[in-house]
Structures are given as structure tokens and as C-alpha cells.
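**Student:** This is the structure I want to talk about, given as C-alpha cells.
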Amino acid sequence: MMIGEIIETMSTGFVAESFELNQPPALGSFVVVHAPSAGPSVELYAVVTNGRTVGVDPSRRPIRQSTAAVFDQAIYEHQPQLKHTLRTEFSAALVGWATEGRIRQHLPSRPPPLHFSVHTASEEQVQHFTHSLQYLRLLLQTVAEVSPLQVVAANVREVFERRDQDRDWLCQAAREIAILLKSDHEALLNVLQAIDPGEADPANSALARQSSAIAPDPSRRGSRP
Amino acid sequence: MPLKLAVIGQQMEQMAESAATFVPVQERFVEQAQALLRRIPADALCDKLDSQRLQQPRIPWLVASPLGSMSGAVHAPAPPAEVCVVGGDASSIAPDRHSSLRYYVLNVGVAALTYGSHPDARLGSDSQLCFRDEDLYLFPDKRDVPLEGTLLGTRMEAESLRALQRATQSATLPTVALRDGPLILWTLQNESELVQSSMLHAFLESMSVLQQASIPLGGYISFSDAHDVANSLRVWLCQGRPNACERCDSEERDLCMALAKIHDRELFSFLSDGQRSELFGSSSQILKLYGEHRVAFFYLNVGGEIARIETPLWVATDPALLGLLHAATYDQCRRSSGFPPYPPALLEAHEQAVITSAERRLIEEMVERAMAGLGLSVKRSAKDDSKRRRGV
Amino acid sequence: MKHERLGVVVEGTFSAGLTVRLDPGATTEQLRIGDFVVLEGQHNRYFSLISDIQLRVTDPRLLSDPPREGSSFIAQTLAGTTTFATVEVRPMLMLEKVDESSPSELLDRSVGPQAVKTIPMHFAALRQADELDFATVFGREGGKNFALGTPLSMDIPICLRLDRFVERSNGIFGQSGTGKSFLARLIISGVIQSKAAVNLIFDMHDEYSFDKQTEDKRWVKGLRQLFGPQVLIYSLDESLGRRAGRNVDVTLKVGLNQIEEADVVLLSEELNLRQTAEATIGLLHDTFHEQWLLRLLEMSPEELELFCQSSGAHPASVSSLQRNLKRLQRQDYVVKEASFSALDDMVEALDRGKHVILQFGRHNSVLDYVLVANLVTRRVRQRYEDKMRRYEETKEVADQPRTLMITIEEAHKFLNPAVARQTAFGTIAREMRKYNVILLVIDQRPSSIDPEVMSQLGTRVSGKLTEERDIDSVLTGVANRSALRGALESLDTRQQILIMGHAVPMPVTVRTRPFDQAFYAAIGARLQTPEQAGDDIQDLFGDE
């Protein structure tokens, strides 16, 4: 599903504007860009590392809009121009690419072109890509506003859900992370605590329910000025 | 850089001190003036104003003629459930006197905000590069009357009103058109009638279309300097001639003198949140040419300040349209998050219209490149050159 | 059946051994000190022992702040990644790798495992030894390969190479209660069955000949019951010889004429002799020669006086000596004069392939034991020396005396540093197999045995030892001492032994096989009736 358009691009990743205000893709989730290619199709895979909503005009900063009577979602109905004066952006770090069914987990030779669309990765794409865990190494080295540790933890949680709570995969991923962070125990514990699935399922299904509640409504696409 | 901030700083302190002593005195007079407002019967004042107008010399001030009572206050009706408020604004890059090439840029901004069950917003701008004779001169055949300064300002007003009107063209919901700034184009009053009527033509045309569509139009003026109504009170108080104040020995002289410094927005501070005053007519000369679009005005407490709303008579005299204008304007201000509040439709229209300095420079560069592409260079004046280079 | 990989080599030196990092899936608890493991190098396979196990972490901060919440997920993740274990591994033997498709070919190869001359590179894999590895190193059961037991966690036989076993003297050690006599029984049974050597056993506690009840109330068979007429029972105790089903073949008498100076000196402590005893004996011997003891014991006070005057001996010494030595005379089995023929016949029987157990019966005090064992052994060794010299002259195969293995318990009584030079046993130990006589020493205090003797012991079989000096002693002269120390200390008290030395290619921890019906069957035991036993003796000795 198309969820945004690239507005900044560089070798390590890109920034895209979401089509839906306040609905960037989930932190740590996989997004895909179809790169232009003379030969067989190439998909670039990236992991969402940040989401933010700011004024379209950088010189205009959002100010408080709520009152006692009007707050939260109602504000957007109360001030319909906000849809046009605000925009939601998300950053994503490139972690690999795929072509003809083959997956490579290193930086692609070229960043995705500006203004190309960004799609959420499908179940199949996630399953296929996360078969190898090499990309975690790349992800841990990302320099971004959000700590790479948190991004990796978010990614592992996301993939765990997308893979239908595949515990085997989770354990493998945890071990891979333990090896990557072997000399920084504090950092490792941070991540492990964030991805610990806990004893029973209730917490996990709650997480799944939350994810689906804020999933973008495919029928709505904000009008563009 | 060579601005002597230290010196100015001292002077600022002096200014603050004098203001401090001035304010309490002022407040007393405002109270008296408001009491006066309540006392004056409107038609009596109208008669006095009419008689004064016919005498010579004329009243040197702008006065307001009450169309209703002086101190009446009207609560804002509830705005309709579904309403669309369209705001319009314009800005320009003025023609560069120091350049050999003559052109200017106009940018109008429009914001159409829909409220109700399907909230929506349409924000847009329209830009024009004006370089043809018909853009540069009011009378292009003779290359006479260049459009610059206040005339350019007037052109902008006309363009923005036209854009505003166009934006309301396919309106299906109750719609209100708001402009930032006055509807009374008093800057034209020193021009010749020919120029005046020429400049006003497009402006008034747009107003007609709005009238046809029954879309009330308001000019929103925040922190207005106007003291039309205060001046009317002076006329009321005046026992002799309005311009012979040195010889006045009336006991009301102090109040009258004070009224000279009291703004209407202070006078109407008795209005509560959402209340508007009764309508007043303006004595501005330019209005003679407005015909049925003659502009009246009222003051409105928007919840943080007393704003002046100018509107044509066909709105002022139509209770439905007036009520819609009043309700929508107040509702806009209630949706504003600034203090004092400001209608979002106008805010967004302004944002759409504004041209940043970076954009200005960009235009210059683009023009130079375009000209260079054709082998021409744009010459600049010596002063401009020295301003740009700022060499030592 | 190939075992899974346990880990890979990450560090190491030839002299100190190799460090293997265990794979995340492996736990330290599946390995033991002394386990036989295999390192797969690129060119060689290294048969090794585990000498140490360590726990490590990748980040030392983990040590000061281990995960507190009881999350099994976190603990599981950390295990083997940031927390891991290493084992120290000592290669003992190496084998060049060839095409491995045919296992039997592997075993038949002419060049077997050799001494370690190099080490594998980084990341060589470590695995548990499997059946093929054991067979490659220890050989398959059969012939002179005697299965002594199995590895601690497998069911594969580990073999003692009896032909090499009898090339040297050997020792069986272990603190009390570790089953040394059962072990001896096993080994001796193996030696008997394979005919690797003939045995002379000094059975101080009457354990080896007939049925005996163990601690857990089982009855185990004696060597006589297992091997029938091949085994001859000699006894000092006549009365015991007449019990039903436990017939003694020959009752031995010791003559005072057979007792030599050295025998008495050996018994200084037992007989409570003074320090002057030796000197006194010397003087007696000078005067009376071989009759010295007899004459001393028969001496009247006057004769004694006379003797002292003539020889210069001190009367008090002599009379005290006489008093103490009377004890000897009082022993039932001691007579005035005895012929050496009984002992010589015994040697001949041994030479014919018989095995002899000398029981002490009621006469099993230390005095009896030391006196008789030493005396008999001296005579036997002497006879063997004669035979050997004869063989060297004639070079006839028939003249070559069979290798004789003499088993003694409480070996420190004969082999402690003070007396090691004087006993026949000490002599035998030092001579190595010069005259085809070897020892099997059994002791629970190896530290009391002369180190020089200890170093002559080719194969050492040890049960659990806890005393530091006992462990040191058993490991005297053994390579890779530090690796084996841990193995010795961690043995169970019963049924677990460590074998090292000449008869095994490399040291190995073994769970001893039980001495039971299965064993009897394996040994090919014949179950005899008493009548048959009597017939056999007749055959041997004719009319006595």
C-alpha cells in the first residue's frame, strides 16, 4: 500500500511525506520503494526510523489549538486548514534490496529517486526479507534522531507480529543482537527488555490491536493543494 | 549596524514613562465618552452631522453616521452548522526602481475553509508576473500613470477581491467572504476621478458578483486606528466650529480634546465577547464612487480585541447576510489559537499570499537568467549597486 | 554416529593446551573434566582430554549487574552470546586424516595415533568422542585388548592393552572404599584369561580365591571359581585349608633358616626392634652365617653372654633382639627348618602357566604379611633370575620364563622410601622387567611409596583420591599433569577410575565394568564342583 512520497533522499536512507496526516508508518516497520531499473525490477527495503509532524512552512510552528470543548481529533474538524498547513514526515534507513527473488542486505548502490512512492512492505516481503538477520547489523549503525537501539527493538517487535508471533525467529534475532551488542551490556539489555515477548499472549494481542487501530484508512487520501 | 542602540534605549525609557502617566487619565475620558455614547440619540446626531456637512469649511475629520443606535450591542447569532468561510489576501514584489527592466509580481492567496459535517480546506495562491504595458500603466496607450506605490496597492486589493470572489463561485453552502484590511480604498482619494473610477472598476465588479450570489463580504481590520465614531462625538459636543478649537471655551473642551486621541476600539470596549456594535456609515470621500456598494462598518469584540468590520450596505441592511457575517466572523475568531484571535481563513490566505525575501531574490535571479539567455543584461542603478555590494 | 559439534578453538598454545569456545547450544553441564573429546583440525584429528571449564562474559559489566528480572527470554538470549563458556582441552594423541569413507580401513591403518606434535588452527571444531574414536585410540575388544569398562556416558568398551600392561610394573590406587581389590580382580582375570602373564597374588585379606560377599550383599566369585585348576591356592593357615569347597592346594611353612637379615630388618617396626638390631644381626650373621636366627633363638643366656663377649655385641641388644624375634618363632607356620622346595615347586607351577594365590588365613597381621610376602618374593625372584640366566645361555624358547606378575596390597609397607632399597619388591620395581618379573602394587596411600619406584610404574589405575600429595604422587612423571589432576579429583568414589600410562594410548576416565555374571561369561569361566577341583590337584602334584 502506498503511504508516502520521498522528499529527501541519500545513500543511507530517505525522508518521505505521509499521505495521511498524523499517520506515519509504524516505527521499525518495513517500507519498500520500487527503484527504477533497466533490467528486472528492484525493490529497496528500508526500516522506518522516525516519524514527525510539523508545519509545511518551516517558519510556522504549530501552536496550541485545543480548548475545553474541542480537543484531540475534533481539532482537525474544527480547523480544516490544518490538513494543509501541517505535514507528517517519516525517515527510513535503507537496509537492503531485492531483485528476482534474491535478497541482499547491504546498502544499495544508489538511493531511491526523489518523489518516488513509498509502500508498506507486504507480509510476504517481510517474511522473505527477515529470513536473514544481517540487516540488523546495518540498522544498529544508523545515525538518526531516534536511538538505533530503539529502532531495532521496534523493528523486531513489528516483524514478530507480522510473522505471526514466530518465536523461533524472535529468539534468533535476539541472539544476533546479543552478538552485535556483546561489548555493551547496558545497550543489549535495553533492547532485550523491549523485545521480550513475556509469558502469555494477552500483551501481544493488545499490541497487535493497537497497531491495527492506527493503520491508515486506504479509502482516504488527503487532497493536495 | 551603526544604529546607536544605547541612545535609543534611553529614549525608549522616556517613552515608557510618559505613556505610564498618560494611560489612567485616558481611561477616565473613555468612560465619559462611553457614557456620552449611551446618551446621544442617533437621529439627532445624524441631523447635526448633515448640517455640518453642508457648511463651510467642512469637518476636517472623518465622522461616522449611526445607522442604528450609538451604543447598541448585538450578540453573535450561532453560525450555521454548515458554513464556508473564504479569506483572501495579496502581496507583491514592487517594481524595482533601480532596474532597467520594469516588472512587478503579484501574489494573491485564498483560503476556503468549510465547517460542518464535512470539514475541508482549500488553500491556494495565484501569481502573476506583470510586465506588459497594461500592467505597468493605468493608461497603457499613453504609458501614463504608472502603477506603483498606492496605485499598485489598490491593484492588489482588486486582484485579491477578484480571487476571493472566484473562490466562492461554486459555493453550495452558506458562504462568507472575508478580506484582510478595509473595503474603503481611501488611498485613492487624492487621485483624479478618472484614476479613481478606473482603479475601482474591477474592485466594485467583484463586489457585484458577490452581491448577486448573496455572499456577504467583510473587510476585517485588526487593531484599527480609526476614530470615526469618536470624531462624531466631538461634533456632537462642539458648540462652535469643529476647526476653531483654540477659541473654544466649552466645559466639554477637555473631553473633546481627549476624544481626539481616543480610538473607536477603546470607545467600544463595552462590547462583550461576540457582541457587535450597530452599523455606522463612513464619510470617506471615495465612497461616493461606490454606489450601492457604499461601505458601512461595525465594531466586533472578537474575544481579545475590538475589531472593525467593513461591509457594503447591501450586507449591512440585510439582516440575514449581516447576521451570517457577524456569526461567521466571530466563529472564525473563536477557532483562532492566537491572542488576540485572528480569523484562520485570513491567516491562511495571508500565508498563501506572502512572498519571502528568498523568493524575491529567486525571482530576480530567474529574470536575470532569462534575460541572459537572450543575450541581454539587466542594468542596475549605481545606488542599487552600491547597496548590494556594500564594499568597503 | 557422529556427535554434534560442541564448539570451536579460539585460542591456545602447544604447551598449555587449547581453549575452545562452546557453541551457544552447548552447556557446560554436558561436559566433565577428563572427558575424552576430539578436535578436528584441517589435517589431523586430535584425541584430547578436557582439563578445565570456564565461564566468561563479553562485557565485564554483566558481572556486576546480571539480569535481575526473571525473564527466561533474556536469560536464554544471553546464554551462549554475551555469556559463554570455554573449555581447556589437552590433545593427547593425533592422527593424520585420510579418506574417511571406510571405517574398517581406518582401524587397519598401519600408523595409528601418535604423540601430539602440533596444534590445530583457529575454529577447529570440538566434538564428543564417538565409538569409532574410542576404537581408533583404544582398539577393539579382543585378544590382548581387555575391556576394563566404558566411558562415563557411553556404552563403548575401553580396553587395556594387556601385552603392554605386563611390560612394566603397575599400580592400582585410590582412597579406601574405591574398589581397588575388585579392580585388581578384573585386571588379573584379564591377564589370566589372555595368558599375558602368570600371577602370584599375596592375598592378605583373603579376597581373591573364593566367593566373597560385597558391601551390597552380593556374592562375587573368586579366581579359583572362575578359572578352576589353573589357579592354585597356597596358604599359611592349615585349618583354613580344610574347609569344604574352599580347598587349599598347598600349606606353606616358613623355616627359620629361610629368614634372612633383610627380612628381619624390614620388620623392625612390627617386631619393635631397637635401632641397634641391624648391627646386632650383622654380628650374628658373621658368626653363625645362615643359622644365625636359629642359633639366636636357641641361645641360652650363657651362650648369649659368650657370644657377646666374642663378637663384641651388646648383651642388652642381643637379649632384646632375642626376645622380639621369639615372636617369629611362635607363629604357627614358622618351623625350625623348612625346605625351599615348596617355593621352588611353586615357581615351576608358575612356569607351567599356573597362577598362585597365597592366602594368609588367620595369619594376616602385618608382621605375617610383610615377612612372608617378602621372603617368598625374594626366593621367587631369585629362581627367576636363575631361569633368565639359563635362557640367555641356551636361547631356547622353552627356557624363557613366563612373565610373572606379583600382586601386593598395602604396597607402601614394602615400598616406602625407607625400605624400598631393601625389599625384594623394591628390587623388582627397579629392575623393571629384567627377569620377567613385574609388580602390581595396590595402595591407598601412594604418597607413602618411594617416588623412584612410583616413576617405574608403567601403568597407573587410580580411583578417587582427595589428598593433594597422593594425587601428586600418582601423577609423578606423567605428562599433562595439570589436566589429569582435575580428572582425578572429580571421580566418583565408586566405579570410576582414571587409567594412564603404558597400557593405554592416552589417559582416560573409565566406569569400571561390574564383576558379575556377564563378566564371568565373557571371561569364559568354568563353574566347577569341588570333586573336580580335587582331581585337578592330584593331576598337578601327584601324591604329596
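**Student:** Return only the number of the condition from (1) surrounded by 20 or more Cβ atoms within 10 Å (Cβ to Cβ); (2) at pLDDT below 85; (3) within 30 Å of residue C:415 (Cβ to Cβ) that residue C:272 does not satisfy.
**Tutor:** Tallying (1) surrounded by 20 or more Cβ atoms within 10 Å (Cβ to Cβ); (2) at pLDDT below 85; (3) within 30 Å of residue C:415 (Cβ to Cβ), residue C:272 fails exactly one: (1).
**Student:** Does segment B:20-36 contain at least one residue that is surrounded by 10 or more Cβ atoms within 10 Å (Cβ to Cβ), more than 17 Å from residue B:260 (Cβ to Cβ), under 28 Å from the mean Cα position of the chain (by Cα) and touching a residue at least 12 places away in the same chain (Cβ under 8 Å)?
**Tutor:** No - not one qualifying residue is present in segment B:20-36.
**Student:** Pick from A:141, A:150, A:165, A:172: which is modelled with pLDDT under 90 and out of contact with any Cys (no Cβ under 6 Å at 6 or more places or on another chain)? Break it down stepwise before answering.
**Tutor:** Details: A:150 fails: modelled with pLDDT under 90; A:165 fails: modelled with pLDDT under 90; A:172 fails: modelled with pLDDT under 90.
Unique residue meeting the criteria: A:141.
**Student:** Just checking, does segment C:28-46 include any residue being under 33 Å from the mean Cα position of the chain (by Cα), over 21 Å from residue C:120 (Cβ atoms) and polar (S, T, N, Q)?
**Tutor:** yes
**Student:** Also: Against the conditions (1) within 14 Å of another protein chain (Cβ to nearest Cβ); (2) within 22 Å of the chain's Cα centre (by Cα), where does residue B:155 fall short? Just the number, please.
**Tutor:** Among (1) within 14 Å of another protein chain (Cβ to nearest Cβ); (2) within 22 Å of the chain's Cα centre (by Cα), the lone unmet condition for residue B:155 is (1).
**Student:** Checking the conditions here, which among C:6, C:18, C:49 is under 23 Å from residue A:172 (Cβ atoms) and either part of a strand (DSSP E or B) or touching a Lys or Arg at 6+ places or on another chain (Cβ under 7 Å) (or both)? Write out each step before concluding.
**Tutor:** Details: C:18 fails: under 23 Å from residue A:172 (Cβ atoms); C:49 fails: under 23 Å from residue A:172 (Cβ atoms).
Every option except C:6 fails the conditions.
**Student:** Scan segment B:323-344 and report the pairs whose first residue is at positive phi and whose second residue is buried (at least 20 other Cβ atoms within 10 Å of the Cβ) and at pLDDT below 95, with Cβ atoms within less than 7 Å and a gap of 6+ or a chain change.
**Tutor:** none
Results for (1) in contact (Cβ under 8 Å) with a residue 60 or more places away in the chain; (2) at positive phi; (3) assigned by TED's automatic domain parsing to the domain that holds residue C:169, shown as yes or no for each residue.
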| position | (1), (2), (3) |
| --- | --- |
| C:471 | no, no, yes |
| C:477 | no, yes, yes |
| C:481 | no, no, yes |
| C:487 | yes, no, yes |
| C:497 | yes, no, yes |
| C:505 | yes, no, yes |
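**Student:** Having 2 or more residues that are modelled with pLDDT under 85 and not polar (S, T, N, Q) is the bar; report the helices (runs of 4 or more DSSP H) wholly within segment B:292-392 that clear it. Even if it seems obvious, please write down each step before you answer.
**Tutor:** Values: elements: B:313-316, B:319-334, B:344-353, B:357-373, B:382-389.
In segment B:292-392, B:357-373, B:382-389 are the helices (runs of 4 or more DSSP H) which contain 2 or more residues that are modelled with pLDDT under 85 and not polar (S, T, N, Q).
**Student:** Moving to a separate point now. Residue under question is residue C:70, and the condition is that it be of a type outside the set (Phe, Trp, Tyr), buried (at least 23 other Cβ atoms within 10 Å of the Cβ) and not in a strand (DSSP E or B); does it hold?
**Tutor:** On the way: of a type outside the set (Phe, Trp, Tyr): yes; buried (at least 23 other Cβ atoms within 10 Å of the Cβ): no; not in a strand (DSSP E or B): yes.
It is false that residue C:70 is of a type outside the set (Phe, Trp, Tyr), buried (at least 23 other Cβ atoms within 10 Å of the Cβ) and not in a strand (DSSP E or B).
**Student:** Related question: Answer yes if at least one residue in segment C:206-228 is closer than 21 Å to residue C:406 by Cα, in a helix (DSSP H, G or I) and among the small types (Gly, Ala, Ser), and no otherwise. Explain how you work it out, then say what you get.
**Tutor:** Applying the first criterion (closer than 21 Å to residue C:406 by Cα) to segment C:206-228 yields C:206-210, C:221-228.
From what is left, the residues that are in a helix (DSSP H, G or I) are C:223-228.
Next cut, among the small types (Gly, Ala, Ser) only: C:228.
Yes, segment C:206-228 has at least one match.
**Student:** Among the numbered criteria (1) assigned to a helix (DSSP H, G or I); (2) modelled with pLDDT of 85 or more, which one does residue B:50 miss?
**Tutor:** Exception for residue B:50: condition (2).
**Student:** While we're here: Tell me, please, whether a residue that is more than 20 Å from residue C:254 (Cα to Cα) and part of a helix (DSSP H, G or I) can be found in segment C:326-346. Can you show your working first?
**Tutor:** Just the residues of segment C:326-346 that are more than 20 Å from residue C:254 (Cα to Cα), to begin with: none.
Within segment C:326-346, none of the residues are more than 20 Å from residue C:254 (Cα to Cα) and part of a helix (DSSP H, G or I).
**Student:** Residues that are in contact (Cβ under 8 Å) with a residue 60 or more places away in the chain, at least 2 per element: which strands (runs of 3 or more DSSP E) completely within segment B:86-202 meet that? Let's see the steps before the verdict.
**Tutor:** Working: elements: B:104-115, B:120-130, B:137-139, B:144-146, B:175-180.
Hits in segment B:86-202: B:104-115, B:120-130, B:175-180.
**Student:** Looking at residue C:527, is it aliphatic (A, V, I, L, M) and either under 16 Å from the mean Cα position of the chain (by Cα) or at pLDDT 85 or above (or both)? Walk me through how you get there before you give the answer.
**Tutor:** Values: aliphatic (A, V, I, L, M): yes; either under 16 Å from the mean Cα position of the chain (by Cα) or at pLDDT 85 or above (or both): no.
It is false that residue C:527 is aliphatic (A, V, I, L, M) and either under 16 Å from the mean Cα position of the chain (by Cα) or at pLDDT 85 or above (or both).
**Student:** With touching a residue at least 60 places away in the same chain (Cβ under 8 Å), surrounded by 18 or more Cβ atoms within 10 Å (Cβ to Cβ), assigned by TED's automatic domain parsing to the domain that holds residue C:179 and not in a strand (DSSP E or B) as the only criterion, which of C:438, C:428 stands out?
**Tutor:** Details: C:438 fails: not in a strand (DSSP E or B).
Going through C:438, C:428 in turn, just one is touching a residue at least 60 places away in the same chain (Cβ under 8 Å), surrounded by 18 or more Cβ atoms within 10 Å (Cβ to Cβ), assigned by TED's automatic domain parsing to the domain that holds residue C:179 and not in a strand (DSSP E or B): C:428.
**Student:** Kindly establish whether residue C:343 is closer than 26 Å to residue C:288 by Cβ, crowded, with 18+ Cβ neighbours inside 10 Å and either within 23 Å of the chain's Cα centre (by Cα) or outside the structural domain of residue C:474 (by TED's automatic domain parsing) (or both).
**Tutor:** So residue C:343 fails the test.
**Student:** When you scan segment A:69-146 for strands (runs of 3 or more DSSP E) that lie fully inside it, which ones turn up with 2 or more residues that are small (Gly, Ala, Ser)? Let's see the steps before the verdict.
**Tutor:** Values: elements: A:86-99, A:102-104, A:117-120.
Per the criteria, A:86-99.
**Student:** Sticking with this structure for a sec: So is residue A:116 aromatic (Phe, Trp, Tyr), farther than 21 Å from residue A:35 by Cβ, away from chain B (no Cβ under 14 Å) and buried (at least 16 other Cβ atoms within 10 Å of the Cβ) or not?
**Tutor:** Values: aromatic (Phe, Trp, Tyr): yes; farther than 21 Å from residue A:35 by Cβ: no; away from chain B (no Cβ under 14 Å): yes; buried (at least 16 other Cβ atoms within 10 Å of the Cβ): yes.
Here the answer is no, as residue A:116 does not meet what is asked.
**Student:** Can you find, within segment C:73-97, the residue that is nearest to the other protein chains (Cβ to nearest Cβ) among those that are part of a loop (DSSP other than H, G, I, E, B) and within 27 Å of residue A:167 (Cβ to Cβ)? Show your work before the answer.
**Tutor:** Start the filter on segment C:73-97 by keeping residues that are part of a loop (DSSP other than H, G, I, E, B), which leaves C:80-82, C:97.
Add one more test, that the residue is within 27 Å of residue A:167 (Cβ to Cβ), and what stays is C:80-82.
Values: C:80: 7, C:81: 3, C:82: 5 Å.
The selected residue is C:81.
**Student:** Please work out if residue A:124 is closer than 20 Å to residue A:1 by Cα, without any contact (Cβ under 8 Å) to a residue 24 or more places away in the chain and not basic (Lys, Arg).
**Tutor:** Numbers: closer than 20 Å to residue A:1 by Cα: yes; without any contact (Cβ under 8 Å) to a residue 24 or more places away in the chain: yes; not basic (Lys, Arg): yes.
Yes.
**Student:** Also: Identify, by number, the condition in (1) aliphatic (A, V, I, L, M); (2) part of a loop (DSSP other than H, G, I, E, B); (3) away from chain B (no Cβ under 14 Å) that residue A:149 doesn't meet.
**Tutor:** It fails just one condition, (2).
**Student:** Would you tally the residues in segment C:94-140 being surrounded by fewer than 20 Cβ atoms within 10 Å (Cβ to Cβ), charged (D, E, K, R), modelled with pLDDT of 85 or more and under 29 Å from the mean Cα position of the chain (by Cα)?
**Tutor:** 1
**Student:** Go through (1) more than 14 Å from chain B (Cβ to nearest Cβ); (2) out of contact with any Asp or Glu (no Cβ under 9 Å at 6 or more places or on another chain); (3) more than 30 Å from residue A:130 (Cα to Cα) for residue A:54 and report which single condition fails.
**Tutor:** (2)
**Student:** Among the numbered criteria (1) buried (at least 19 other Cβ atoms within 10 Å of the Cβ); (2) within 26 Å of residue C:457 (Cα to Cα), which single criterion is violated by residue C:205?
**Tutor:** Every condition holds for residue C:205 apart from (1).
**Student:** Can you run down the residue pairs with Cβ atoms below 8 Å, 6 or more apart or on separate chains, where the first is in segment C:87-105 and farther than 20 Å from residue C:54 by Cβ and the partner is in a helix (DSSP H, G or I) and modelled with pLDDT of 65 or more?
**Tutor:** Cβ pairs passing all conditions: C:93/C:137; C:95/C:136; C:103/C:132.
**Student:** Checking residue A:192 against (1) assigned to a helix (DSSP H, G or I); (2) surrounded by fewer than 14 Cβ atoms within 10 Å (Cβ to Cβ), only one condition comes out false. Which one?
**Tutor:** All conditions pass for residue A:192, except number (2).
**Student:** Shifting gears a bit: Identify the single condition in (1) surrounded by fewer than 22 Cβ atoms within 10 Å (Cβ to Cβ); (2) of a type in the set (A, V, I, L, M, F, W, C); (3) in contact with a helix residue (DSSP H, G or I) (Cβ under 6 Å, 6 or more places away or on another chain) that residue C:478 does not satisfy, given that it satisfies every other one.
**Tutor:** For residue C:478, the exception is condition (3).
The values are calculated or read from the model by the stated rules, or taken from the named source; none is laboratory data. All figures in this text were calculated on a predicted structure; none of them were measured in a lab. In this analysis, Cβ positions are derived from the backbone assuming ideal geometry, glycine residues included, and neighbour counts consider all displayed protein chains.
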